[in-house]
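Undergrad: Before I ask anything, let me first share the structure, which is written out below as structure tokens.
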Amino acid sequence: MSASPHGMDVAVVGAGIVGLAAAEALARRGADVLCLDGGAPGHAQSAGRARSFRHLHDAPALIGLAVRSRAAWRALEGRAGAELLERGGMLRLGGDHEPDIAALREAGIGARVIEAGEAATRLPALAPEAGPLLFDPDAGAVRAADAVRAVAALLGERVVRARVQAIEPVADGVRLLTSAGELRCRRCLVCAGAGTERLVAPLGIAIARERRAAFRLTFRIASPADAPMPVWGDRSGRFGERAYGTPEGPDRYAVGLGATTAPLDAGDAEALPSGAVDVRAARGRLVAYVRAAFPGLDPQPVDGVLRMITPLAGPDEDRFGLWTRDGVLAFAGHNLFKHAPSLAELLAGAALGDEPDPLLAPPA
């Protein structure tokens, strides 16, 4: 990779699902684009076999974004030639059902309350006393690893294995110093997960967020369901914890706790520091939760994922924002996988000079 005297239109830094999807959206708009990452696509915060897709959010604007995201996933499936968002729905235990259902129905989602009997047909591993439940039939599991591979395949040689070491605004655009050489572009979109601050802080872009460990385990299902299973959210504490769950195919179910660790004392870490997190206590709590809430799962885990997450500072972990300066756009947030195809369209427009959508405004 060598420097060009004029540069490409946009360089995207970060090959997680958001960076990949934004690069693919830019390519579809005819932009000359590369997506750069020092690791394999999806190796960091986008890791894992499956993620939850849900419409329910505290902010009505994010419910609307989720509706658009579902349509964007279906469009991506058409381009990729594979199903990426399953149709198993979402079950949620706890919370205030009436206003949540009203908000979802206002957005065109046919949510309703179901009792334990119907829940058992949809998620046979679930404890029979887990009801009543809010059911969103249009939610489901995103096949995360398949989605990363699909978008990377659509991009082909536009995905470049190179670590970006520095980003520097110059007179005619932006210069990137990388492990594979120098690169010039008109604009640079940074979607580098935990590495974003390192790259944009020297430009005067300050992003306030935390670093935490996220831990989940995968369990075998004793009696696999005949149809795609729903994703799970438990805000009740009925089984001792707040938790979430996602199917990983017909015979595996992944479960995680709502809070694995307190914020890490590692404000500039780009990966979990060695020895920084002891998950033995969290593992015990999680297995105890599975025994109580999911008696149809074998409580002996068969897989697990431990990764760093970087939510923006504040009470709402679904928040995100886009910061811009001197031709550099920095995107950051948490719980982004479910929105990736629709966020990609917004980010592609901003990177090509459109006025950023108000949804992308950084939190106050």
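The values are calculated or read from the model by the stated rules, or taken from the named source; none is laboratory data. Keep in mind the model is a prediction, meaning the values are calculated, not measured. Neighbour counts run over all protein chains shown; Cβ positions are idealised from the backbone, glycine included. Heavy atoms of the whole protein, side chains included, go into the accessibility calculation; ligands, DNA and RNA do not. Shrake-Rupley method; radii C 1.70, N 1.55, O 1.52, S 1.80 Å.
Undergrad: Nearest 10 degrees is fine. How inclined is helix 340-351 to the longest principal axis of the chain, computing both from alpha carbons?
TA: 20 degrees
Undergrad: Can you tell me the FRET efficiency between residue 198 and residue 77 if r is taken as the Cβ-Cβ distance and R0 is 30 Å, rounded to the nearest 0.05?
TA: Working from the Cβ atoms, E equals 0.30.
Undergrad: Can you figure out the FRET efficiency of residue 58 with residue 105, using R₀ = 22 Å and their beta-carbon distance, to the nearest 0.05?
TA: With R0 = 22 Å, the Cβ-Cβ based efficiency is 0.85.
Undergrad: Quick check of the Kirkwood formula: for the range 32-128, what is the inverse mean of 1/r over all pairs of different Cα atoms, in Å?
TA: Mean inverse Cα-Cα distance, inverted, gives 16.3 Å.
Undergrad: Quickly work out the residue 292-to-residue 357 label distance, labels modelled 7 Å from Cα along the C-beta direction, and quote it in nm with one decimal.
TA: Using points 7 Å along Cα→Cβ, the separation is 3.9 nm.
Undergrad: Follow-up question, since we're still on this one. What are the residues whose amide H is under 5 Å from the amide H of residue 190, where those residues sit 5 or more places off or on another chain and H is modelled from the backbone?
TA: Answer set, sorted by chain and number: 13, 329, 330, 331.
Undergrad: Follow-up. How large, in Å, is the range 1-84 by the Kirkwood hydrodynamic radius built from its alpha-carbon pairs?
TA: The answer is 14.9 Å.
Undergrad: Write out the GluC sites (Glu not before Pro) in the range 115-222 meeting two conditions: DSSP loop, and at most 16 other Cβ atoms within 10 Å of their Cβ.
TA: Hits after loop and neighbour filter: 115, 129, 210.
Undergrad: DSSP loop (so not H, G, I, E, B), at most 15 other Cβ within 10 Å: list which chymotrypsin sites (Phe, Trp or Tyr not before Pro) in the range 166-257 pass both filters.
TA: Here no loop site has a sparse enough neighbourhood.
Undergrad: To the nearest 10 degrees, how steep is helix 17-28 against the longest Cα principal axis of the chain, on a 0 to 90 scale?
TA: 50 degrees
Undergrad: Where Lys and Arg each count +1 and Asp and Glu each count -1, what net charge lies around residue 48 among other residues with Cβ under 15 Å from its Cβ?
TA: +4
Undergrad: Taking the chain as a Gaussian network, Cα atoms linked when under 10 Å apart, which of 315, 250, 295 shows the biggest mean-square fluctuation?
TA: 315
Undergrad: Would you mind counting up the charge near residue 346? Only other residues with Cβ under 12 Å from its Cβ, with Lys and Arg at +1 and Asp and Glu at -1.
TA: -3
Undergrad: What is the set of long-range amide H partners of residue 52 at a cut-off below 5 Å, with H atoms built 1.01 Å from backbone N?
TA: 142
Undergrad: Also, I was wondering about something else. What's the carbon and sulfur percent of the chain's accessible surface, probe 1.4 angstrom, rounded to a whole number?
TA: 50 percent
Undergrad: Using only Cα atoms, find the angle between the long axis of helix 60-80 and the longest principal axis of the chain, and express it within 0 to 90 degrees, rounded to the nearest 10.
TA: In the chain, helix 60-80 runs at an angle near 80 degrees to the longest axis.
Undergrad: Let me ask something additional. Based on the alpha-carbon set only, what is the convex hull volume of the range 42-97 divided per residue, in Å³?
TA: That works out to 126 Å³ per residue.
Undergrad: Quick one: Debye curve from the C-alpha atoms of the range 94-172, no solvent, what's log10 I(q)/I(0) at q = 0.16 Å⁻¹?
TA: Per q value, in the given order, log10 I(q)/I(0) is -0.77.
Undergrad: Divide by every residue of the chain the summed helix terms, -39500 (n - 2.57) for each DSSP H run of at least 4, and state the resulting mean residue ellipticity at 222 nm, rounded to the nearest 500 deg cm²/dmol.
TA: After summing the helix terms and dividing by the residues of the chain, the value is -8000 deg cm²/dmol.
Undergrad: Counting only DSSP beta bridges with both residues in the chain, tell me the antiparallel percent, nearest 5.
TA: 70 percent
Undergrad: I'd like the projected area of the range 226-322, averaged over all directions, using the convex hull of its alpha carbons. Report it in nm² with one decimal.
TA: 8.2 nm²
Undergrad: Let me ask another. Two decimals is fine: what is log10 I(q)/I(0) at q = 0.13, 0.17 Å⁻¹ for the range 101-247, from a Debye sum with one equal scatterer on every Cα and no solvent?
TA: Listed by q, the Debye log ratios stand at -0.87, -1.06.
Undergrad: Could you work out the mean projected area of the convex hull around the alpha carbons of the range 111-155, in square nanometres to one decimal?
TA: 4.2 nm²
Undergrad: How high is the relative contact order of the range 55-149? Use alpha-carbon pairs under 8 Å, at least six apart in sequence, and give a whole percent.
TA: So the answer I get is 35 percent.
Undergrad: With a 1.4 Å probe and every protein chain left in place, work out the accessible area per residue of the range 39-188 in Å², rounded to a whole number.
TA: 43 Å²
Undergrad: Against the 2.2 N^0.38 Å scaling, with N counting residues, where does the chain land? I'd like the Cα-based Rg ratio to two decimal places.
TA: So the Cα radius of gyration is 1.00 times the expected 2.2 N^0.38 Å.
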